[in-house]
Amino acid sequence: MFRIRGAVLERIGSPRPYVESRPISVADLDLEAPGSDEVLVRVEAAGVCHSDLSVVNGNRVRPVPMLLGHEAAGIVEQVGDRVDDRVDDRVDEVAVGQRVVLVFLPRCEHCPACATEGMTPCQPAGAANAAGTLLGGAIRLSREGHPVYHHLGVSGFATHAVVNRASAIAVPDDVPAQVAALLGCAVLTGGGAVLNVGNPRPGQSVAVVGLGGVGMAAALTALTYPDVRVIGVDQIPEKLSAATKLGVHDTYTPQRATDAGVKADVVVEAVGHPDALQTAIALTAPGGCTVTVGLPPPDARISISPLGFVAEGRSLIGSYLGSAVPRRDIPRFVSLWRSGRLPVESLVSSTIRLDDINAAMDHLADGVAIRQLITF
Ligand SMILES: NC(=O)c1ccc[n+]([C@@H]2O[C@H](COP(=O)([O-])OP(=O)(O)OC[C@H]3O[C@@H](n4cnc5c(N)ncnc54)[C@H](O)[C@@H]3O)[C@@H](O)[C@H]2O)c1
Ligand SMILES: [Zn+2]
Ligand SMILES: [Zn+2]
């Protein structure tokens, strides 16, 4: 057991601004040594994602107190003994001293969902995430003897994390920590939605609705395809100019895109609000596919015309963690980054301190940030 410093969400649904209501406290807590099939990681960088905010505001109800943060990277400091044989052949990739990307939806490699090449989220991992434990059921965090829940098996807003080894993917040394952190959620989710689900052909177009970290990563990934036109849609003008700077070919507000009759073959919705999904469906061309990655509250509903899907041969599909197999896909994104075609660093809109986490949640809720990165 040793002392770490981390950002703990104390209560759900606090009023804004969070800099005043302070739902998250940054304080010392206790972390147990890694158990079987777990690793201890010294966190170097962690990105602030809307899915963290969704726990703070209650859109995604999770147990509290919870140490937040699910997009992070760091250096392995200790490796627990191996018990699970099925992932044994790959655990050698994770050794002391290596940099790892932490992923928020590990794959146990045992359940039927894990045989779907990433298309279906791992069942035990989903259950562990909902319960606030690591894959395998452990809780390694506590404060004055009381348990503190893990966020999506990562809890990366802390100086150290213990995670299941299936949640830690090794990356080569030349991948800097700030890039590695963003690979874990924004890039794997937004990029994976393009690579694994939308997969545009030459001559096609990709539209992205919602240009935060996830949507901008989707747009950057779409720009790596030859002869694919990329369209960015957001309601905040600064997001549209940021997208233009990154090379996105056309940008629109949702209203202007609908008025102009914009249509794209692949449309990625990366907002988490039903209005945005309606926009995304309206922008999908005949024969095209709407890929939804946003996470609205469970009771959110949309209204659609079934006829449009039939008569125009369109489809609508959800994608969790970019329908990725992290061990397969993180190396694909590393190669794209290394070739200079995927400038992951450009997703970082500011670098902040762990103590500024409540203000960071306000900035995110205002929609002004792309990715705020906490460095340790
Ligand atoms: N499926 C997954 O595995 C997964 C993983 C990570 C995040 N998410 C979800 O993806 C969503 C995006 O995450 P993020 O961190 O990029 O969020 P973000 O808050 O950084 O970005 C959201 C963007 O959407 C824009 N927006 C808001 N309403 C809009 C509307 N009606 N039309 C167009 N644009 C609108 C905002 O201006 C903002 O730029 C969230 O719902 C998040 O929870 C899903
Ligand atoms: Zn995320
Ligand atoms: Zn599984």
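Listing for the model above:
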| read-out | value |
| --- | --- |
| Using distinct alpha-carbon pairs, which all enter the 1/r mean, Kirkwood radius of segment 188-322 in Å | 14.2 |
| Arg5 versus Glu20: modelled label distance in nm, points set 7 Å from Cα along the beta carbon direction | 2.8 |
| Over the chain: Kirkwood hydrodynamic radius from C-alpha pairwise inverse distances, Å | 20.6 |
| Fewest-first ranking of Lys245, Lys239, Lys263, using other Cβ atoms within 10 Å as the exposure measure | Lys245, Lys263, Lys239 |
| Convex hull (Cα only) mean projected area of segment 211-266, reported in nm² to one decimal | 3.6 |
| Exposure proxy ranking, count of Cβ atoms within 10 Å, fewest first, for His110, His146 | His146, His110 |
| Two-site label geometry, Ala115 and Asp227: point separation in nm, points 7 Å out along Cα→Cβ | 3.9 |
| 222 nm mean residue ellipticity, helices alone, for the chain (DSSP H n ≥ 4; -39,500 (n - 2.57); rounded to 500) | -6500 deg cm²/dmol |
| Neighbour-limited loop hits for GluC sites (Glu not before Pro), segment 93-147 (at most 15 other Cβ within 10 Å; DSSP other than H, G, I, E, B) | Glu93, Glu117, Glu144 |
| Proportion of all alpha-carbon pairs of segment 194-234 beyond 10 Å (%) | 66 |
| Qualifying GluC sites (Glu not before Pro) for segment 1-82 [loop in DSSP, other Cβ within 10 Å: at most 14] | Glu10 |
| Charged-residue dipole, Cβ positions (Lys, Arg, Asp, Glu), the chain about Cα centre, Debye nearest 20 | 520 |
| Alpha-carbon centroid distance for the pair segment 107-145 / segment 157-229, whole angstrom | 21 |
| Mean-position separation - Cα centroids, segment 314-359 and segment 243-310, in angstrom | 20 |
| Cα→Cβ-extended label distance, 7 Å offset, between Gln78 and Thr375, nm | 2.8 |
| Neighbourhood net charge (12 Å Cβ-Cβ; Lys/Arg +1, Asp/Glu -1) for Met66 | +2 |
| Burial ordering of Val206, Val344, Val233, fewest other beta-carbon atoms within 10 Å first | Val344, Val206, Val233 |
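None of the figures in this text is laboratory data; all of them are computed from the coordinates on show. Since the structure is predicted, the reported quantities are computational estimates derived from the model, not experimental observations. Quick reminder, even Gly has a Cβ in these numbers, built from the backbone with ideal geometry, and neighbours come from all protein chains shown.
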